[in-house]
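In what follows, a single structure is set out as structure tokens and then discussed.
The values are calculated or read from the model by the stated rules, or taken from the named source; none is laboratory data. Quantities reported herein were computed from a predicted structural model and do not represent experimental measurements. Reconstructed Cβ throughout: ideal geometry from the backbone, glycine too, with neighbour counts over all protein chains shown.
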Amino acid sequence: MSFAAATARASVATPSGPIRVMVVDDSVVIRGMISRWIDAEPDLRVAASVRTGLEAVQTLERANPDVVVLDIEMPDLDGISALPQLLAKKRDLVVIMASTLTRRNAEISFKALSLGAADYVPKPESTREAGAADTFKRDLLFKIRQFGARLRRPVHAPSIVPAPAPEKARVVPPPAAHAPISLRPFGLTAPRVLLIGSSTGGPQALLTLVAEIGPVIDRVPVLITQHMPPTFTTILAEHLGRASGRPAHEGVDGEAIVPGRIYLAPGGRHMRIMRKGAGAAIALDDGPQINFCKPAVDPMFASAIEVWQSGVLAVVLTGMGSDGMRGGKAIVEAGGSVIAQDEATSVVWGMPGAAAQAGICAAVLPLDQIGPKVVRMFSGGRA
């Protein structure tokens, strides 16, 4: 999983100096590699490098890291067992799980998210694999920076300018930081499909949301793109099915899109929508990354217009980067509507923030208000 602007460096000058990172991995090769990457960055610093979860717990107070990169499989105390002990010792600690792409590790990573881990990064099977180490490095350093920087800046509740009358609706350029966010009216057409895009923090947000929108799923198709690698999306689909009580699976190329089901973009492939007779079908795309992501939200959002025109309601949840903003703008220009998660309840207010600041949203809401709002929208409510 990759994100927009992943190669950009954060400012070296921070209120508390470089972001302090503890590396926990029983592989001396991986541990040394990650430590070298961190030490080579002027805004990051290795606070400690240890081989087991037990050593991490014992070293935490002395090392005082901002971020911990935590392996899953280790002797003495594995990552999933060490996680709650680390968080108990330092409540605001950011823990990023690192694991190879096996089904078992993916399941453990999902459990870690529910226990308080901030995110995960897939480790390459071999550091000799072409491009794999570079992708791992880029994603890991980007997430360390994003989460570390978030610890050091307060969350400001943006001013919300109410939506004007429909004839005055307009898309405004991104304003300066903390400038008021202009809302636009909801589209006049009743929505006929629900699209959801998410990234960092998305799995937990998605599970919360789908549990609240059962009546919507029963009436219309729900399509989701979550930035995730293969295997992880397979398991996420299973979790979504259990949380919603409705069928959920990874989209299959060419399959018909029908109400009553949740379709999740499979890891490593973009999911678009195409016409199929009088209906719609999934079209999987193995093309290049978009917004440094694959799957990406923008192609799903933009392609939906060809089938449902103004009858699209899109939700942009927590995540890094700006994926979903361009596709959301296309939805709004076609007469549809966009809802974004607010900053206070987002793990990272990148994607929803980009949509909100672009002036394309009809609502910017806390996560617990998005589900009820969506249900009202599909029941005929417009406000």
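Condition check ((1) under 17 Å from the mean Cα position of the chain (by Cα); (2) under 30 Å from Ser114 (Cα atoms)) across all residues:
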position	(1), (2)
Pro247	no, yes
Pro259	no, yes
Ile262	no, yes
Pro266	yes, yes
Ile273	no, no
Pro288	no, no
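Under 8 Å between Cβ atoms, at least 6 apart or on separate chains: pull out the pairs that start in region 248-259 with a residue that is closer than 17 Å to Gly214 by Cα and of a type outside the set (A, V, I, L, M, F, W, C) and end on any residue that is modelled with pLDDT of 95 or more and not in a loop (DSSP other than H, G, I, E, B).
His249/Ala237; His249/Gly241; His249/Ile262; His249/Tyr263; His249/Leu264; Pro259/Ile217; Pro259/Asp218; Pro259/Arg219
The rows are residues; the columns are (1) at pLDDT 95 or above; (2) in the same structural domain as Pro124 (by TED's automatic domain parsing); (3) farther than 19 Å from Ala296 by Cβ.
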position: Pro221; (1), (2), (3): yes, no, yes
position: Thr231; (1), (2), (3): no, no, no
position: Leu236; (1), (2), (3): yes, no, no
position: Glu250; (1), (2), (3): yes, no, no
position: Pro259; (1), (2), (3): yes, no, yes
position: Ile262; (1), (2), (3): yes, no, no
position: Ala265; (1), (2), (3): yes, no, no
position: Arg269; (1), (2), (3): yes, no, no
position: Arg272; (1), (2), (3): yes, no, no
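May I ask you to list the residues in region 364-383 that are touching a residue at least 60 places away in the same chain (Cβ under 8 Å) and surrounded by fewer than 22 Cβ atoms within 10 Å (Cβ to Cβ)? Show your work before the answer.
Restricting attention to region 364-383, the residues satisfying the condition of being touching a residue at least 60 places away in the same chain (Cβ under 8 Å) are 364, 367-368, 370-372, 374-375, 377-380, 382-383.
Those that are touching a residue at least 60 places away in the same chain (Cβ under 8 Å) and surrounded by fewer than 22 Cβ atoms within 10 Å (Cβ to Cβ): Leu367, Asp368, Gly371, Pro372, Val375, Phe378, Ser379, Gly380, Arg382, Ala383.
Under 30 Å from Asp66 (Cβ atoms) and at pLDDT 90 or above: does that describe Arg145?
When the stated conditions are applied, Arg145 passes them.
Kindly establish whether Ala330 is free of Cβ contacts under 8 Å to residues at least 60 places away in the same chain and touching a Phe, Trp or Tyr at 6+ places or on another chain (Cβ under 7 Å).
Answer is yes for this residue.
Report yes if Leu240 is touching a residue at least 12 places away in the same chain (Cβ under 8 Å), closer than 21 Å to Ser322 by Cβ, crowded, with 24+ Cβ neighbours inside 10 Å and within 18 Å of the chain's Cα centre (by Cα), otherwise no. Break it down into steps so the answer makes sense when it comes.
On the way: touching a residue at least 12 places away in the same chain (Cβ under 8 Å): yes; closer than 21 Å to Ser322 by Cβ: no; crowded, with 24+ Cβ neighbours inside 10 Å: yes; within 18 Å of the chain's Cα centre (by Cα): yes.
Here the answer is no, as Leu240 does not meet what is asked.
Would you confirm, using the coordinates I've provided, whether Leu313 is at pLDDT 95 or above and either out of contact with any His (no Cβ under 8 Å at 6 or more places or on another chain) or not assigned by TED's automatic domain parsing to the domain that holds Val216 (or both)?
Judged against the criteria, Leu313 is a match.
All but one of (1) outside any loop (DSSP other than H, G, I, E, B); (2) crowded, with 18+ Cβ neighbours inside 10 Å hold for Glu212; which doesn't?
Going through the list (1) outside any loop (DSSP other than H, G, I, E, B); (2) crowded, with 18+ Cβ neighbours inside 10 Å, Glu212 breaks only (1).
So is Val315 under 23 Å from Glu212 (Cα atoms), over 13 Å from the mean Cα position of the chain (by Cα) and in contact (Cβ under 8 Å) with a residue 24 or more places away in the chain or not?
Here the answer is no, as Val315 does not meet what is asked.
When you look at Gly260, is it in a loop (DSSP other than H, G, I, E, B) and either out of contact with any Gly (no Cβ under 8 Å at 6 or more places or on another chain) or buried (at least 17 other Cβ atoms within 10 Å of the Cβ) (or both), yes or no? Break it down into steps so the answer makes sense when it comes.
Details: in a loop (DSSP other than H, G, I, E, B): yes; either out of contact with any Gly (no Cβ under 8 Å at 6 or more places or on another chain) or buried (at least 17 other Cβ atoms within 10 Å of the Cβ) (or both): yes.
Yes, satisfied.
Which of the residues spanning region 181-209 are more than 20 Å from Met300 (Cβ to Cβ) and either without any contact (Cβ under 8 Å) to a residue 60 or more places away in the chain or assigned to a strand (DSSP E or B) (or both)?
Ile181, Ser182
Inside region 52-153, counting only helices (runs of 4 or more DSSP H) that do not spill past its ends, which hold 3 or more residues that are farther than 18 Å from Asp26 by Cβ and under 16 Å from the mean Cα position of the chain (by Cα)?
Once the helices (runs of 4 or more DSSP H) in region 52-153 are filtered for at least 3 residues that are farther than 18 Å from Asp26 by Cβ and under 16 Å from the mean Cα position of the chain (by Cα), what remains is 103-115, 132-151.
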